[in-house]
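The values are calculated or read from the model by the stated rules, or taken from the named source; none is laboratory data. What you see is a predicted model, and the numbers here were worked out from it, not measured in a lab. Quick reminder, even Gly has a Cβ in these numbers, built from the backbone with ideal geometry, and neighbours come from all protein chains shown.
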Amino acid sequence: MENISNVIPQFEGLKTRITYDFSTVLGKLLFQKILPYYLKEKRIFYTIYTELKCKKLYKLMKLVGIDDSQFRGINVIKIGKTESVPFGKLHKIIPETEDIDAIFRKLQSIFKDVTEKDVIILCGFDILVALKGQSVLNKLKDLYESLPDCTLFFTSRENLYDNVLDKLLVEFHENNLSLKQQEFSDSYTLEFEDSILVMSSYRII
């Protein structure tokens, strides 16, 4: 089984959805593998939906022992209630009280200068899809269509949606990956479930 570090460069220019069941494992994948790789030479726009998600990320980083000082260069776009962010620097804030149309209009405006060399991470948007359903998927589709071929990651909790929403999200992303715990083991692998890349599985921890 290959190391995940060998495949991360192949995510460039693609939209990748990562489903997970444990936040700590997702945190290790993002902050110990994916973000350090892209931080070397790319702008990163880490977009977080909800104040609660920001607080959870802060506690998660402390729990896992992640040093936030190495992520100071990350541009955080927060959809929330305060300007406090768990890492990086606040790039823009969108009030959580805005309606869905306004939130996505502002995101499109913020991302208008994004280029193919940049990275976008959408964190907590799975909550928005679960709460609002297909209306949010339509806005997400419009957002994706407005972007250049940048590198994008969409994090998504396992089994959060009904079958229709889940299949639509699969179609929105070139890579659909899942963090899986190995049977009778504490190890986790990243499984390629529906991807334009010809891959199998990679060990995370």
List pairs: first in the stretch 1-24 and within 19 Å of Asp186 (Cα to Cα), second acidic (Asp, Glu) and part of a loop (DSSP other than H, G, I, E, B), Cβ under 7 Å, 6+ apart or cross-chain? Thr19/Glu158; Tyr20/Glu158; Asp21/Glu158
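Just for the stretch 115-161: of the residues that are assigned to a helix (DSSP H, G or I) and among the small types (Gly, Ala, Ser), which one is modelled with the highest pLDDT? Don't jump to the end; show me each part of the working.
Filtering the stretch 115-161 down to residues assigned to a helix (DSSP H, G or I) leaves 125-132, 134-146.
Add one more test, that the residue is among the small types (Gly, Ala, Ser), and what stays is 130, 135, 146.
Working: Ala130: 92, Ser135: 91, Ser146: 97.
Filtering the stretch 115-161 for residues that are assigned to a helix (DSSP H, G or I) and among the small types (Gly, Ala, Ser), the one modelled with the highest pLDDT comes out as Ser146.
Can you name the residue in the stretch 189-204 that is at pLDDT below 85, assigned to a strand (DSSP E or B) and not polar (S, T, N, Q) and, of all such residues, is surrounded by the most Cβ atoms within 10 Å (Cβ to Cβ)? Can you show your working first?
Of all residues in the stretch 189-204, those at pLDDT below 85 come to 198-204.
Subsequent filtering for residues that are assigned to a strand (DSSP E or B) retains 201-203.
In the following step, the residues that additionally are not polar (S, T, N, Q) were identified as 202-203.
Values: Tyr202: 21, Arg203: 13.
Among those that are at pLDDT below 85, assigned to a strand (DSSP E or B) and not polar (S, T, N, Q), it is Tyr202.
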Within the stretch 45-65, track down each residue that is surrounded by 20 or more Cβ atoms within 10 Å (Cβ to Cβ) and either among the aliphatic types (A, V, I, L, M) or at positive phi (or both). Ile48, Leu57
So in the stretch 153-163, with the set limited to residues that are surrounded by fewer than 11 Cβ atoms within 10 Å (Cβ to Cβ) and of a type outside the set (D, E, K, R), which one is nearest to Phe11 (Cα to Cα)? Asn159
Considering only the stretch 66-82, I want to know if a residue exists there that is touching a residue at least 60 places away in the same chain (Cβ under 8 Å) and surrounded by 20 or more Cβ atoms within 10 Å (Cβ to Cβ). no
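From Ser187, Ser156, which residue is polar (S, T, N, Q), out of contact with any Gly (no Cβ under 8 Å at 6 or more places or on another chain) and over 18 Å from Ile34 (Cβ atoms)?
Among Ser187, Ser156, only Ser187 is polar (S, T, N, Q), out of contact with any Gly (no Cβ under 8 Å at 6 or more places or on another chain) and over 18 Å from Ile34 (Cβ atoms).
Give me the residue from the stretch 36-71 that is aliphatic (A, V, I, L, M) and more than 25 Å from Phe11 (Cβ to Cβ) and, out of that set, modelled with the lowest pLDDT. First the steps, then the outcome.
First pass over the stretch 36-71, keeping only residues aliphatic (A, V, I, L, M): 39, 44, 48, 52, 57, 60-61, 63-64, 66.
Then keep just the ones that are more than 25 Å from Phe11 (Cβ to Cβ); that gives 52, 63.
Working: Leu52: 94, Leu63: 83.
Of everything passing the filter in the stretch 36-71, Leu63 is modelled with the lowest pLDDT.
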Close pairs (6 angstrom Cβ cut-off, 6 or more residues apart or separate chains): touching a residue at least 12 places away in the same chain (Cβ under 8 Å) in the stretch 137-161, surrounded by 19 or more Cβ atoms within 10 Å (Cβ to Cβ) and hydroxyl-bearing (Ser, Thr, Tyr) anywhere: Phe153/Thr16; Ser156/Thr19; Glu158/Thr19
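The rows are residues; the columns are (1) assigned to a helix (DSSP H, G or I); (2) hydrophobic (A, V, I, L, M, F, W, C).
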{"position": "Lys28", "(1), (2)": "yes, no"}
{"position": "Lys33", "(1), (2)": "yes, no"}
{"position": "Glu41", "(1), (2)": "no, no"}
{"position": "Phe45", "(1), (2)": "no, yes"}
{"position": "Cys54", "(1), (2)": "yes, yes"}
{"position": "Leu60", "(1), (2)": "yes, yes"}
{"position": "Gln70", "(1), (2)": "yes, no"}
{"position": "Gly73", "(1), (2)": "no, no"}
{"position": "Ile77", "(1), (2)": "no, yes"}
